[in-house]
Amino acid sequence: MNMNKEKEGSLLIGLVALLTVVVIVALVGVFALRPEETLIQGEAEATEYRVSGKVPGRIEMYLYEEGEQVHKGDTLVVIYSPEVEAKKEQALAARDMAEAVNQKAKNGAQREQITGAYELYQKAKAGEEIYRKSYSRVQRLYDKGVVSAQKRDEVEAQYKAATATVRAAKSQYDMALAGARDEDKAAAEAQVARVDAILKEVAAAEAERYLLSPCDGEVSELFPHVGELVGQGSPVMAIVDLNDMWFTFAVREDMLSKFVVGSVVEIRIPALGDTKYPVTVTHIKAMGTYATWRTTKQNGGYDVRTFDVKCRPLEAIPNLRPGMTALVTE
């Protein structure tokens with residue numbers, strides 16, 4: 001009797017053990033065959049500005065370092081350009097010369113020049129008077145047959161030459177009194193204006209030695225070192241605008257139904273904890289490559305393309321940084 005009870009007890013224990021194993025296997029099967037949660041992964045991005053200059057030269061100094069906050073209009077970098085300095089000196093010298101020429105044209109001839117021209121004019125008139133008297137005497141002698149016609153012609157030529165000299169001296173004297181011509185004055189003023197334009201160009205180039213911040217943001221990267229050469233248009237510094245951030249996701253088209261332009265989805269940012277943040281889908285664009293290939297039937301399938309989905313947070317997310325991973329749970 002006791003042996004039967006022991007057998008029944010052993011059988012019961014074996015049955016319980018068998019049922020336990022069956023339950024465990026069933027549970028493992030359930031968890032193993034349960035479809036995995038699909039995660040759509042993306043990252044945070046922000047607008048980045050590349051600061052560059054129009055003037056080639058050497059980096060003289062950085063006024064901000066990586067990680068520092070800057071404001072729009074702040075001076076970030078100073079570039080030393082000897083070419084700009086040389087051009088400035090040349091322009092200033094040309095300006096002085098042009099001003100002197102212009103002032104001379106406005107003031108006219110100096111008093112000494114006017115006096116000299118007047119003296120030459122008087123000397124020419126005196127010479128003309130002498131040759132006029134000589135010509136009169138020779139002409140009377142020629143009329144009486146005392147001198148030859150050749151002698152009369154020689155004296156007449158000298159008299160005419162003296163008269164021409166008087167006219168030339170009178171013209172020089174009048175020019176000295178009147179000063180520079182209107183054309184010369186206009187040319188001198190135009191030269192001054194031309195040099196002023198060069199000076200403005202030099203001033204603009206000199207201002208380009210000081211690179212300013214295009215926005216409020218954070219210095220994310222410095223490219224050349226102090227003392228290194230930079231060419232025209234070469235990037236010197238990168239500024240990231242942390243007030244203009246968004247998320248980008250690469251989404252297969254068979255998962256795209258959740259993303260509609262204007263719709264709101266929730267994302268999770270592992271670096272910031274388990275909090276979920278609402279974002280708005282603002283842009284969807286097909287990418288140029290294929291994400292994967294999935295069979296839709298036993299005897300066929302189609303290529304599943306990837307779309308670039310852009311989302312913006314509804315509110316500013318504290319401590320969010322570019323490059324942080326963002327997840328959307330499908």
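FYI, it's all coordinate maths here, none of it is from the lab. Fair warning: this is a prediction, and the values are worked out from it, not measured in the lab. Here Cβ is always computed from backbone atoms with ideal geometry, including for glycine, and neighbour counts include all displayed protein chains.
Net length available on complete extension from Cys215 to Glu201 is 2.5 nm, with 0.36 nm assigned per residue and the Cα-Cα distance removed. Cα-Cα over 32 Å: which of Lys72/Lys310; Lys54/Lys310; Lys72/Lys258? Pairs exceeding 32 Å: Lys54/Lys310; Lys72/Lys258. Fully extending the segment from Tyr80 to Glu154 would add 19.0 nm, taking 0.36 nm per residue of separation and subtracting the current Cα-Cα distance.
Under 5 Å between amide hydrogens, built in the peptide plane, is the criterion, and for Arg252 it picks out Phe307 among residues at least 5 positions away or on other chains. Stretching Phe223 away from Val304 to a fully extended chain increases their span by 25.1 nm, per 0.36 nm per residue minus the current alpha-carbon distance. Which FRET efficiency, nearest 0.05, do Lys54 and Glu253 yield, Cβ-Cβ r, R0 51 Å? It comes out at approximately 0.65.
Annotation: amide H-H contacts under 5 Å for Gly53 (H modelled 1.01 Å from N, sequence separation of 5 or more, or interchain): Gly233, Ser234.
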